[in-house]
Amino acid sequence: MSKSIRFIHISDTHIGPTKDFKLYNVAPYPCAEKIVDYLNNLKEKPDFIIHSGDVAATIPDDPSFKNAQEIFSKLKYPVYYVTGNHDRSSFIKKYLNQGDRIDLVTDVSKNTYYFDLKGYRFIVLDGRGPDTIDPHGSLSEDQFKALEQEITNGTLPLVIFIHYPPIELDSLWLNKNMLLLEGDRLHSLLKKVGDRLLCVFFGHIHRGMQIVKDGVFYSSIGSTFMQFAWYPSQEEPVMESTGLSYFNYVTIEDTQMTVKEYSIPNGNNYFLKTRRELAS
Ligand SMILES: [Fe+2]
Ligand SMILES: [Fe+2]
């Protein structure tokens, strides 16, 4: 029988090249500092932390990843990273310390791997595709093959992490711009796994949400600095500063997974504005 396991899901920290760098009028660096400090002082310690991508701000570069390294190296737990559309896997590998893991594919340009803990298998997929499809994601053929092999031959309960949502999300803007291009293929594969697949965690959409489709459970978490509002008929993004930084505290015990959303104040004021309004 598997033992209980606990981990924390954070996402979309968007650290920039300077500590006072602002994105959508909010500085991400102090928000990330606050959440790192808060997580380090949790009484109930997690087994690890997963960051589901967009570690860095708009354009990944050395100064942004040096700042990310400075903040996240303070975390007192093993940390794993998923490559977001604003990251590059080469920067993640160069600057960020990740927990013990085994590469899933031979392509070293991908940050795709698995790790086993207490009788569970955790798989991280790298959906960062060419710039021409950004901010959509795309999964390479060799990652699909590795996943098919795991699904056919593996026996451990599975948890999957990917930056991009593979399925539609009841939003014109998200569905048009933000999904994994091979989402249908991935979902078709995952729905065959059955009870062995516990959850697919993702980021990218800067808001916590849960979806169940064909028995597959998908879960995301908000950003540490800025949320997106996307009601069904919205055709362009709206930035929502809630003044809160979000994380999920996830517990798996035997075949039950419990996902609890928490938030802490990040010192910013509330606003709801389109990109155009923010630019004016
Ligand atoms: Fe993001
Ligand atoms: Fe993203």
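Structure notes:
- Helices (runs of 4 or more DSSP H) wholly inside segment 1-120 containing at least 1 residues that are more than 26 Å from E141 (Cβ to Cβ) and within 16 Å of ligand 2 (Cβ to nearest atom): 28-40, 62-72
- Yes/no for T58 being in contact with an Asp or Glu (Cβ under 9 Å, 6 or more places away or on another chain) and either within 15 Å of ligand 1 (Cβ to nearest atom) or over 24 Å from L125 (Cα atoms) (or both): no
- Boolean, Q149 is away from ligand 2 (no atom under 16 Å from the Cβ), more than 25 Å from V259 (Cα to Cα), among the polar types (S, T, N, Q) and touching a residue at least 12 places away in the same chain (Cβ under 8 Å): no
- Enumeration of residues in segment 89-115 that are out of contact with any helix residue (DSSP H, G or I) (no Cβ under 9 Å at 6 or more places or on another chain) and of a type in the set (K, R): K93, R101
- Among the conditions (1) within 16 Å of ligand 1 (Cβ to nearest atom); (2) modelled with pLDDT under 95; (3) over 29 Å from K19 (Cα atoms); (4) not hydroxyl-bearing (S, T, Y), Q234 misses just one, which is (1).
- Reported count of residues in segment 237-280, each being under 20 Å from L23 (Cα atoms), polar (S, T, N, Q) and either in a loop (DSSP other than H, G, I, E, B) or modelled with pLDDT under 95 (or both), is 6.
- Test result for N248, buried (at least 17 other Cβ atoms within 10 Å of the Cβ), on the phi < 0 side of the Ramachandran plot and not aromatic (F, W, Y): yes
- Where a residue in segment 256-273 is in contact (Cβ under 8 Å) with a residue 24 or more places away in the chain and its partner, wherever it lies, is surrounded by 12 or more Cβ atoms within 10 Å (Cβ to Cβ) and among the acidic types (D, E), with Cβ under 7 Å and at least six apart: L272/E240
- Test: residue in segment 164-182 that is more than 21 Å from K213 (Cβ to Cβ), surrounded by fewer than 18 Cβ atoms within 10 Å (Cβ to Cβ), in contact (Cβ under 8 Å) with a residue 12 or more places away in the chain and not basic (K, R): no
- Answer residue from segment 183-219, given it is without any contact (Cβ under 8 Å) to a residue 24 or more places away in the chain and surrounded by fewer than 14 Cβ atoms within 10 Å (Cβ to Cβ) and is farthest from ligand 2 (Cβ to nearest atom) among those: G194
- Filtered residue count, segment 199-231, keeping only those that are of a type in the set (A, V, I, L, M, F, W, C) and within 12 Å of ligand 1 (Cβ to nearest atom): 6
So that you can scan it fast, the table gives a plain yes or no per residue for (1) in contact with a strand residue (DSSP E or B) (Cβ under 9 Å, 6 or more places away or on another chain); (2) of a type in the set (F, W, Y); (3) under 18 Å from F202 (Cβ atoms); (4) modelled with pLDDT of 95 or more:
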residue	(1), (2), (3), (4)
D100	yes, no, no, yes
L104	yes, no, yes, yes
Y114	yes, yes, yes, yes
L117	yes, no, no, yes
R121	yes, no, yes, yes
G129	yes, no, yes, yes
T132	no, no, no, yes
H136	yes, no, yes, yes
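- Meets criteria (touching a residue at least 24 places away in the same chain (Cβ under 8 Å), touching a Ser or Thr at 6+ places or on another chain (Cβ under 8 Å) and within 16 Å of ligand 2 (Cβ to nearest atom)) for S245: no
The values are calculated or read from the model by the stated rules, or taken from the named source; none is laboratory data. Everything quoted here is computed from the prediction, not taken from an experiment. Positions of Cβ are backbone-derived with ideal geometry, glycine not excepted, and every protein chain shown enters the neighbour counts.
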